[in-house]
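Notes follow the structure.
Nothing in this text is a laboratory measurement; each read-out follows from the coordinates by a stated rule. Quick caveat, the model's predicted, so the values are computed rather than measured. Virtual Cβ from ideal backbone geometry, glycine too; neighbours counted across all protein chains shown.
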Ligand code: PMP
């Protein structure tokens with residue numbers, strides 16, 4: 001039956017159309033077009049069911065396949081581990097779990113403990129629960145509030161939505177749990193909309209966080225959860241001075257710093273973690289996507305020994321972290337993650353991400369000359385965004401239908417790019433690029449050339 005299907009593309013498309021509930025799409029679209037089925041991948045190229053080759057500049061759609069497709073080494077390692085010991089959870093450990101936890105924390109000075117889960121949302125939930133439990137155990141329940149930033153995204157569960165800065169995603173899913181409080185974004189390009197200053201914007205933006213802590217009462221604020229570089233909210237590279245000030249504020253008010261590295265982690269920005277670009281020391285770090293590059297479902301919530309010790313209380317029978325993740329016991333995750341990490345090291349992919357990223361951002365900046373619709377190019381490593389505007393002076397966002405047309409034109413030409421997708425007018429105007437960390441100059445030149453052609457077709 002399976003073999004038959006392999007040879008019958010139309011049957012597969014029909015099965016997909018009839019039975020798969022796709023993510024992030026109004027399914028009425030499939031009344032007029034077929035869903036695209038991706039059947040094979042190698043490096044940063046994928047082939048669809050019609051046999052068409054695409055250069056994938058978004059690593060599997062949502063910035064995940066950091067080491068590229070077709071890595072037989074990962075598949076072999078996972079297979080070898082699985083036939084020996086596929087799974088054990090709860091109080092017991094596994095060889096792959098212990099080994100990866102050690103390797104991972106070696107890359108994260110100051111961080112020592114790894115709690116395994118399966119998705120970015122789940123890892124963030126773990127972090128939120130840790131903060132809440134610390135509040136109960138050590139602060140009589142008071143220090144329970146979790147601050148999140150406008151435009152940041154932390155996942156799709158109810159608590160992650162409550163603690164996410166893309167409020168429009170919340171429509172129709174409330175009511176939400178209380179205790180999540182928003183702080184302003186730090187997008188310098190739109191500082192004028194916030195009444196922000198021309199100089200020292202970074203420090204000013206961080207001080208807005210301090211303002212919220214003071215308003216809420218520092219004794220009620222347990223943690224601040226931030227993306228190192230806001231991803232889906234517009235590839236917002238924080239302004240100079242921002243992170244240093246944020247760290248200072250967290251220390252001043254005894255607020256745990258939780259950094260969401262679900263996108264930026266594992267080499268995306270040219271260092272193992274995005275926060276390492278800014279010299280800050282977090283208390284909690286969550287990660288998912290690139291940890292195993294999508295070859296297995298794994299996420300991690302990593303903490304300092306200090307945070308871990310807050311749960312080690314022999315006097316309190318309910319005091320340990322009373323969480324569980326069934327599939328946190330899957331060996332496929334850490335096995336794939338170990339091999340993923342080895343590939344990044346052996347192939348020097350952090351350096352490649354930094355070097356090729358700088359080249360690509362140069363190329364995008366070069367497009368600004370002939371394409372007035374590009375208002376700003378932002379990014380770090382192989383993670384970049386180009387914000388499109390109707391007018392460079394007013395910075396009014398470009399028509400989002402046209403932005404989506406640019407994505408569609410690139411797809412026609414065999415290059416998969418993305419754009420911000422916030423479901424509200426005015427925010428879906430940034431083209432997004434996160435190619436695999438193996439990408440070459442030629443690949444990236446092709447992406448930039450294709451985007452240039454698409455911009456001409458759509459905007460003239
Ligand atoms: N945090 C960030 C920064 C993300 O971008 C995402 C997903 N795009 C998540 C968390 C949630 O991850 P997941 O979809 O694996 O639950």
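Using Cα pairs under 8 angstrom and six or more residues apart, how large is the relative contact order of the range 163-298, in percent?
Details: 168 pairs, mean separation 26.7, N = 136.
Relative contact order here is 20 percent.
What is the order of 85, 130, 108, fewest Cβ neighbours within 10 Å to most?
Working: 85 12, 130 25, 108 21.
The fewest-first ordering by Cβ neighbours comes to 85, 108, 130.
May I ask you to compute the full-extension gain from residue 37 to residue 167, defined as 0.36 nm times their residue separation minus their alpha-carbon distance, rounded to one decimal in nm?
Details: separation 130, 0.36 × 130 = 46.80 nm, distance 3.12 nm.
Separation in residues times 0.36 nm, less the Cα-Cα distance, equals 43.7 nm.
Under 16 Å from a label point 7 Å along Cα→Cβ of residue 306: give me every residue in the range 248-263 with its amide N that close.
Under 16 Å, as judged by backbone N against the label point of residue 306, lie 248-259 of the range 248-263.
Grab the beta carbon distance between residue 346 and residue 391, set R0 = 45 Å, and tell me the FRET efficiency rounded to 0.05. The partial results should precede the final answer.
Values: r = 48 Å, r/R0 = 1.06.
The calculated FRET efficiency here is 0.40.
Using helices alone, what [θ] at 222 nm do you get for the chain, with -39,500 (n - 2.57) per DSSP H run of 4 or more residues, divided over all residues and rounded to the nearest 500?
Numbers: 14 runs with 167 residues, N = 460.
Using -39500 (n - 2.57) per qualifying helix, the result is -11500 deg cm²/dmol.
Counting other C-beta atoms within 10 Å, which of 114, 302 has the fewest, and how do the rest follow?
The order, fewest Cβ neighbours first, is 114, 302.
Could you list 126, 84 in order of exposure, starting from the residue whose Cβ has the fewest other Cβ atoms within 10 Å? Don't jump to the answer; show the numbers that get you there.
Values: 126 23, 84 12.
So the ranking, lowest neighbour count to highest, is 84, 126.
Which distance in nm do the two modelled labels at residue 192 and residue 158 give, with both placed 7 Å along the Cα-to-Cβ direction?
So the two model labels end up 4.3 nm from each other.
Looking only at the chain, where both bridge partners belong to it, what percent of the DSSP beta bridges are antiparallel (to the nearest 5)? Provide the component values of the computation, followed by the final result.
Working: 31 of 48 bridges.
Beta bridges within the chain, antiparallel portion: roughly 65 percent.
Which distance in nm do the two modelled labels at residue 207 and residue 240 give, with both placed 7 Å along the Cα-to-Cβ direction?
Output for this residue pair reads 1.8 nm.
Would the chain count as rounded, prolate or oblate if I go by the C-alpha gyration tensor, calling it rounded below 1.5 in a/c and otherwise prolate when a/b exceeds b/c, oblate otherwise? Present the calculation step by step, with values, prior to reporting the outcome.
Numbers: a/c = 1.65, a/b = 1.15, b/c = 1.44.
It is oblate, given that a/c is not under 1.5 and a/b is not larger than b/c.
Given an 8 Å cut-off on Cα distances and at least 6 residues of separation, report the relative contact order of the chain as a percent. Walk me through the numbers on the way to the answer.
Working: 894 pairs, mean separation 90.4, N = 460.
Relative contact order here is 20 percent.
Counting DSSP beta bridges with both partners in the range 73-346, what percentage is antiparallel, nearest 5? Display every interim value, and only then the final one.
Values: 11 of 26 bridges.
Around 40 percent of the beta bridges assigned by DSSP in the range 73-346 are antiparallel ones.
With a cut-off of 17 Å, note down the residues of the range 283-302 whose backbone N falls inside the zone around a label point 7 Å from the Cα of residue 324 toward its beta carbon.
From the range 283-302, the list is empty.
Determine the percent antiparallel among the DSSP beta bridges restricted to the range 179-321, to the nearest 5. It would help to have the intermediate numbers written out before the result.
On the way: 5 of 12 bridges.
In the range 179-321, approximately 40 percent of DSSP beta bridges are antiparallel ones.
Can you give the relative contact order of the range 20-160 as a percent, counting alpha carbon pairs under 8 Å and 6+ residues apart?
Details: 90 pairs, mean separation 15.7, N = 141.
For the range 20-160, the relative contact order is 11 percent.
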